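Q: What follows is a single structure, and I will ask about it in a moment.
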Amino acid sequence: MVEILKTWDIEVTQATLPRDFSKLGVVRAHSENGVRYVINQAESGAQVKKLISFEILNVNHNESTVVRTLSGRAQMAAYFIDRIDRPEILGTVSRDDTVLLIPNTHRSIPAIVNLVKQMMHEFSAEEE
């Protein structure tokens, strides 16, 4: 697996790979084609939530809500926000480091901002 990751310019050592996979919720699975690495569905949501909390930098609003993320991470944040399926959020539009959250009504914006702030702080609260 280390060699495959190197072809994608991802540097990792064999010693840290199992720990990294564990943090990401990746497990070995046996298939008819041999061993595969897959995301453990039971843990993947929690792992993604932890990652998203690190990737969101801030949230601002006026008549819409804008979330700023680390460079290149907005699409994952938007994907996660879309999947939490909150009625206040009609959808998202993402770029490289920005997510526009489209509310169902402007009155929902405070609830959406609070939701994003909870996401930002959730992982640090779990660690305490």
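The values are calculated or read from the model by the stated rules, or taken from the named source; none is laboratory data. Everything numeric here is computed off the predicted structure, so don't read it as measured data. Backbone-built Cβ (ideal geometry, glycine too); neighbour counts: all protein chains shown.
Q: Going through the range 20-48 one residue at a time, which ones are modelled with pLDDT of 80 or more and either assigned to a helix (DSSP H, G or I) or acidic (Asp, Glu) (or both)?
A: Within the range 20-48, 32 is the sole residue that qualifies.
Q: Whether any residue in the range 72-83 is touching a helix residue (DSSP H, G or I) at 6+ places or on another chain (Cβ under 8 Å), under 26 Å from residue 23 (Cβ atoms) and of a type outside the set (A, V, I, L, M, F, W, C) is what I want to check.
A: Yes, the conditions are met somewhere in the range 72-83.
Q: A further question follows. Kindly provide the set of residues from the range 54-98 that are in contact with a strand residue (DSSP E or B) (Cβ under 8 Å, 6 or more places away or on another chain) and assigned to a loop (DSSP other than H, G, I, E, B), ordered by number.
A: Matches in the range 54-98: 64, 70, 88, 97.
Q: Being aliphatic (A, V, I, L, M) and either assigned to a helix (DSSP H, G or I) or touching a Leu at 6+ places or on another chain (Cβ under 6 Å) (or both) is the filter here, so list the residues in the range 2-19 that pass it.
A: Residues satisfying the conditions are 2, 4, 5, 12, 17.
Q: Among the residues of the range 52-67, what is the count of those that are closer than 20 Å to residue 90 by Cα and either within 13 Å of the chain's Cα centre (by Cα) or among the aliphatic types (A, V, I, L, M) (or both)?
A: 5
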